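**Student:** Here it is, the structure in full.
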Amino acid sequence: MQNNLPIDPSSTSLRTTSLRKQTQLAERINHINYASANPALSYIHSLAATDTTGGQANARYTLERLARYIMGNSFQLIDWKELFTIQDKLIDAVKSFLIARAKLKAKMKNHYFSVNDPIKNLQVNPLLNALLTVAQFLHCNHNLPLSRVIEFEKRMTVFDLASVKTSMLDHGWLQSIPPQRYDFELTKQSEVMLEAFSCFCIRSCVERFDWRSILFAPLLQSTMQSFLSDRSENQISDRKKAYAPATADNLLRMLRGVAQHAWLAELISVETLERIKAIKLPRGSRQSSGRYLSYHELDHISAITLNQKNENKALRDNAIFWLMYEAGLRRAEVVSANMHDIDMNRCQLRVVGKGNKERYVPFSRNSDLYNAMEKWLTIRRQDFNSNLPALFCTINRYQTLTQMRLTTQTLNDLCKQLTKLGFSRIVSPHDFRHSVATNLLRSGYDLLLVSKFMGHSSITTTQRYDRRTDDDLKGVIPSR
């Protein structure tokens, strides 16, 4: 017989094994409460349900830059004298920051992170050089004895990220101080790393900024215009370059999202929200940067790709190029595809694209894509591990499949490598996608069908992918 009596919490015993779980649960609840009180974080986290990881990263990056533009550099809020006085804590903070950075990179690439694996591309030296510059600046201003600077230099020569303690410092472990007037002479790369490290210590600008302070339509509009104009003036060029309309549209869309979540959290009124939604930006447009690739050029790309010494890698790369060209896949869609997504008998590929939208892309049995995929799948099925189902995986120099999923950066590198292999011009992964849309439109398919094939939510986006030239207009003559 089922007992429907309520459980008295005071009568239950707390076991030692459950204490850690309850602590983790409390931390998650605190994190959720904190994120919900910050409309910018709430908006960024909401993208997880409908957008790609790249969309979340882009929103966080853009809002972080806006908040930093308003608040100023975070390294001006650090008590560097105190940190260099307790250098053990500083070294632990550096290691914790680099490990957190490596975890974030692994998450963005859908990789499993392990401290025991080699950690690359973390820009360790620029950060260490920046910290050494800070120490020397403090010494020159009589805020740090020379012995501390020498001690730090010695620690830098034997710095080893592998010797990481079990207990790491958490994000936002340090209390910020009132803004200082540090005048560090840093390279651009070192300045970026010092800012990132400072944000790790005292929390990011997105987290620290009071978003309610600018969520008023006139103030928000003037802040946006000032931010965008400042970006244009700081271009490294002899000629001032106006910001692209798409840049302004993306920023306004994100700030509307922040305002929407502020209204949901009852931080602003509905009237304020409607006024923010009513903000209009100067209209404008730019020609798409996509470069058209013909079938003749794809034959050339295929030929030089298959001519590589590493035969397995050559077959994989050739299949990727034809998949991007004849199926029109985005970079993220290529690297996230799994073995069970492709059906060679039905000649179709299951794709989960932007906005978590599923579509099925057909291809012909007589196509170059079918032939390229058939050759690659013959290699990929060898020693296949169902727990690592990636359609495209990394291959080492011994032509052995490592089963690790590719990244979007890998596709960028493959396209850059084409010029070294003998291709006549520079191409990007998205050029393949632009080209298939143009080919379909030239073949006479209507815009709505092409839009569904490409996985676009609006045919307006598909129109921007059209790379047909004025020569295609010849013969287009209205008649009675």
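**Student:** How many of the residues making up the range 321-357 are at positive phi and surrounded by fewer than 21 Cβ atoms within 10 Å (Cβ to Cβ)? Step through it out loud before you land on a result.
**Tutor:** Our first condition is that a residue be at positive phi; within the range 321-357, this holds for 328, 347, 355-356.
In the following step, the residues that additionally are surrounded by fewer than 21 Cβ atoms within 10 Å (Cβ to Cβ) were identified as 347, 355-356.
Total meeting the criteria: 3.
**Student:** Is there a residue in the range 407-416 that is more than 13 Å from residue 316 (Cβ to Cβ), open to solvent by 80 Å² or more (accessible area, probe 1.4 Å), under 20 Å from the mean Cα position of the chain (by Cα) and not polar (S, T, N, Q)?
**Tutor:** Taking every residue of the range 407-416 in turn, at least one turns out to be more than 13 Å from residue 316 (Cβ to Cβ), open to solvent by 80 Å² or more (accessible area, probe 1.4 Å), under 20 Å from the mean Cα position of the chain (by Cα) and not polar (S, T, N, Q).
**Student:** For a quick check of your reading of the model, give me the residue pairs whose first member lies in the range 447-461 and is touching a residue at least 40 places away in the same chain (Cβ under 8 Å) and open to solvent by 90 Å² or more (accessible area, probe 1.4 Å), whose second is assigned to a helix (DSSP H, G or I) and not basic (Lys, Arg), with beta-carbon atoms closer than 8 Å and at least 6 apart or on different chains.
**Tutor:** Taking only residues 6 or more apart or on different chains, the pairs are 457/355.
**Student:** Please determine whether any residue of the range 104-127 is open to solvent by less than 80 Å² (accessible area, probe 1.4 Å), at pLDDT 90 or above and of a type outside the set (A, V, I, L, M).
**Tutor:** Yes, the range 104-127 contains at least one residue that is open to solvent by less than 80 Å² (accessible area, probe 1.4 Å), at pLDDT 90 or above and of a type outside the set (A, V, I, L, M).
**Student:** Pull up the range 57-98, narrow it to residues that are in a helix (DSSP H, G or I), of a type in the set (Val, Ile, Thr) and open to solvent by 10 Å² or more (accessible area, probe 1.4 Å), then point me to the one that is farthest from residue 251 (Cα to Cα). Full working, then the answer.
**Tutor:** Filtering the range 57-98 for residues in a helix (DSSP H, G or I) gives 57-71, 74-77, 80-85, 87-98.
Applying the additional criterion that residues be of a type in the set (Val, Ile, Thr) yields 62, 70, 85, 91, 94.
Narrowing further to those that are open to solvent by 10 Å² or more (accessible area, probe 1.4 Å): 62, 70, 85, 91.
Details: 62: 7, 70: 15, 85: 41, 91: 37 Å.
Looking at residues that are in a helix (DSSP H, G or I), of a type in the set (Val, Ile, Thr) and open to solvent by 10 Å² or more (accessible area, probe 1.4 Å), I get 85.
**Student:** Further question on the same structure: Since residue 412 meets every condition but one in (1) assigned to a loop (DSSP other than H, G, I, E, B); (2) of a type outside the set (Lys, Arg); (3) closer than 20 Å to residue 292 by Cα, which condition does it not meet?
**Tutor:** (1)
**Student:** If you don't mind, there's one more thing I want to ask. Mind listing whichever residues of the range 301-320 are open to solvent by less than 10 Å² (accessible area, probe 1.4 Å), in contact with a Phe, Trp or Tyr (Cβ under 7 Å, 6 or more places away or on another chain) and among the aliphatic types (A, V, I, L, M)?
**Tutor:** Correct list: 301, 319, 320.
**Student:** Which of (1) within 28 Å of the chain's Cα centre (by Cα); (2) surrounded by 15 or more Cβ atoms within 10 Å (Cβ to Cβ) does residue 379 not meet, given it meets every other one?
**Tutor:** Every listed condition holds for residue 379 apart from (1).
**Student:** I've got another one for you. Counting just the residues of the range 209-226 that are surrounded by fewer than 17 Cβ atoms within 10 Å (Cβ to Cβ) and not hydroxyl-bearing (Ser, Thr, Tyr), which one comes out nearest to residue 248 (Cα to Cα)?
**Tutor:** Across the range 209-226, the extreme among qualifying residues is 225.
**Student:** Also, I was wondering about something else. Name the residue, out of 368, 383, 341, that is among the charged types (D, E, K, R) and closer than 29 Å to residue 56 by Cβ.
**Tutor:** Sole residue among the options that is among the charged types (D, E, K, R) and closer than 29 Å to residue 56 by Cβ: 341.
The values are calculated or read from the model by the stated rules, or taken from the named source; none is laboratory data. A quick note: this is a predicted structure, and the numbers were derived from the prediction, not measured. Note: ideal-geometry Cβ built from the backbone for every residue, glycine included; neighbour counts use all protein chains shown. All accessible areas refer to the heavy atoms of the entire protein, side chains included, with ligands and DNA or RNA removed. Shrake-Rupley method; radii C 1.70, N 1.55, O 1.52, S 1.80 Å.
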